[in-house]
Amino acid sequence: MNLQDFEAQYREAMAETLNELQTAVLLLAQVQNKILTIGTFVQHISQQVEEFIEEQKAE
């Protein structure tokens, strides 16, 4: 293997690795957004259940 072949393989491997990293970062952003959405949903349901329980106790 000569220097040019080594450089080409290095650049290709780095480009592929950076693309994989970018994909992972985008997926992480999607996961974070999904976690936030689910958290908000759980808070809303919890609030509704608490209100329902209080209404049932009042009756």
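The values are calculated or read from the model by the stated rules, or taken from the named source; none is laboratory data. Fair warning: this is a prediction, and the values are worked out from it, not measured in the lab. Virtual Cβ from ideal backbone geometry, glycine too; neighbours counted across all protein chains shown. What goes into the accessible areas is simple: the full protein's heavy atoms, side chains included, and nothing from ligands, DNA or RNA. Shrake-Rupley method; radii C 1.70, N 1.55, O 1.52, S 1.80 Å.
Couple of notes before you dig in:
- Gyration tensor (Cα) of the chain, equivalent ellipsoid semi-axes in angstrom: 56, 5, 4
- Our helix-only sum for the chain, with -39,500 (n - 2.57) per DSSP H run of n ≥ 4 divided by its residues, gives a mean residue ellipticity at 222 nm of -36000 deg cm²/dmol.
- Listed residue (Gln48, Leu26, Leu3) projecting farthest to the positive dipole end of the chain, Cβ model: Leu3
- Charges were assigned to the Cβ only: +1 to each Lys and Arg, -1 to each Asp and Glu. The resulting dipole of the chain about its Cα centre is roughly 100 debye.
- Using the 1.4 Å probe convention, the accessible area of the chain works out to 97 Å² per residue with neighbouring protein chains retained.
- Between helix 3-58 and the chain: long-axis angle, C-alpha atoms, 0 to 90°, nearest 10: 0
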